[in-house]
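Participant: Structure incoming, see below.
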Amino acid sequence: GTTDVTFVNNDPSQPPPPNNLETATATVVENAIRDSGVDSANINSTTGGKHDANSNHPKGGAVDIDKVNGQTANASNPGSQAIQNAAAQQPMIRENFGPTRTEKTITVRDPATGKFVKKTIQKPTVASGHRNHIHIGGRR
């Protein structure tokens, strides 16, 4: 089947979020939503909104999903976990913060081989700010 993806701002007085995302981020988000098997998802923030100074949002490197299958994207919504699990499988994932995961994927040098490898680290400090939405960021 198909998945209905909408771009509706959670502040009705504001315009819809623009979809001018970096290619890696757009690919991660598209594939995660499709692979999750959910029926619908709403992207309520892309490059706008209020975000931390180091946020990837202003550069088009992250999105927030506030609704999955028409309900708030929280821990009691099984679609939230489905999207976050699917996002974790994407090769270009960087940030996967939400009600069921708080992971950041970084690149580090393997001391044994000298090669750069991906490593996923837990970021529990972001949990409280992501209980009612999913934040997905792609790698540059």
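The values are calculated or read from the model by the stated rules, or taken from the named source; none is laboratory data. These numbers were taken from a predicted model, which means no experiment stands behind them. With ideal geometry, Cβ positions are generated from the backbone for all residues, glycine too; neighbour counts draw on all protein chains shown. The accessibility values were calculated without ligands, DNA or RNA, using every heavy atom of the protein model including side chains. Shrake-Rupley method; radii C 1.70, N 1.55, O 1.52, S 1.80 Å.
Participant: Please indicate, with yes or no, whether at least one residue in segment 67-84 is part of a strand (DSSP E or B) and either in contact with a strand residue (DSSP E or B) (Cβ under 6 Å, 6 or more places away or on another chain) or modelled with pLDDT under 90 (or both).
Facilitator: Yes, segment 67-84 has at least one match.
Participant: Tally the residues that are assigned to a loop (DSSP other than H, G, I, E, B) and either open to solvent by less than 20 Å² (accessible area, probe 1.4 Å) or under 19 Å from residue 22 (Cβ atoms) (or both), restricting the search to segment 95-117.
Facilitator: 1
Participant: Take the conditions among the acidic types (Asp, Glu) and in contact (Cβ under 8 Å) with a residue 12 or more places away in the chain and apply them to residue 35. Does it pass?
Facilitator: Yes: the conditions hold for residue 35.
Participant: When both residues are 6+ apart or on different chains and their Cβ atoms are under 6 Å apart, which pairs have a first residue that lies in segment 4-32 and is open to solvent by 90 Å² or more (accessible area, probe 1.4 Å), and a second that is not polar (S, T, N, Q) and not in a loop (DSSP other than H, G, I, E, B)?
Facilitator: 10/66
Participant: Under 7 Å by Cβ, and 6 or more places apart or on different chains, what pairs join a residue from segment 49-63 that is touching a residue at least 40 places away in the same chain (Cβ under 8 Å) with one that is hydrophobic (A, V, I, L, M, F, W, C)?
Facilitator: Pairs found: 56/62; 60/21; 62/136; 63/21; 63/29; 63/43; 63/136.
Participant: Also, I was wondering about something else. What is the one condition in (1) modelled with pLDDT under 90; (2) closer than 25 Å to residue 13 by Cβ that residue 140 does not satisfy?
Facilitator: (2)
Participant: Quick check, is residue 128 open to solvent by 40 Å² or more (accessible area, probe 1.4 Å) and at pLDDT 95 or above?
Facilitator: no
Participant: Given the options 41, 24, 87, name the one that is aliphatic (A, V, I, L, M), touching a Gly at 6+ places or on another chain (Cβ under 6 Å) and not in a loop (DSSP other than H, G, I, E, B).
Facilitator: 24
Participant: Here is a follow-up. Which members of segment 68-94 meet the condition of being open to solvent by 10 Å² or more (accessible area, probe 1.4 Å), touching a residue at least 40 places away in the same chain (Cβ under 8 Å) and under 23 Å from residue 11 (Cβ atoms)?
Facilitator: Across segment 68-94, the qualifying residues are 72, 74.
Participant: Further, regarding this structure: So the check is Cβ under 7 Å with 6+ separation or different chains; which pairs have a first residue in segment 110-134 that's under 23 Å from residue 38 (Cα atoms) and a second one that's open to solvent by less than 100 Å² (accessible area, probe 1.4 Å) and among the hydroxyl-bearing types (Ser, Thr, Tyr)?
Facilitator: From segment 110-134, the pairs are 127/102; 130/102; 132/72; 134/80.
Participant: Within segment 33-43, restricting attention to residues that are of a type in the set (S, T, N, Q) and open to solvent by 20 Å² or more (accessible area, probe 1.4 Å), which residue is farthest from residue 132 (Cα to Cα)?
Facilitator: Filtering segment 33-43 for residues that are of a type in the set (S, T, N, Q) and open to solvent by 20 Å² or more (accessible area, probe 1.4 Å), the one farthest from residue 132 (Cα to Cα) comes out as 36.
Participant: Also: Please determine whether any residue of segment 46-54 is modelled with pLDDT under 95, open to solvent by 10 Å² or more (accessible area, probe 1.4 Å), under 19 Å from residue 10 (Cβ atoms) and among the charged types (D, E, K, R).
Facilitator: Checked segment 46-54: at least one residue is modelled with pLDDT under 95, open to solvent by 10 Å² or more (accessible area, probe 1.4 Å), under 19 Å from residue 10 (Cβ atoms) and among the charged types (D, E, K, R).
Participant: Something else: Taking residue 60 as meeting all but one of (1) crowded, with 19+ Cβ neighbours inside 10 Å; (2) at pLDDT below 95; (3) not in a loop (DSSP other than H, G, I, E, B), write down the number of the exception.
Facilitator: Among (1) crowded, with 19+ Cβ neighbours inside 10 Å; (2) at pLDDT below 95; (3) not in a loop (DSSP other than H, G, I, E, B), the lone unmet condition for residue 60 is (3).
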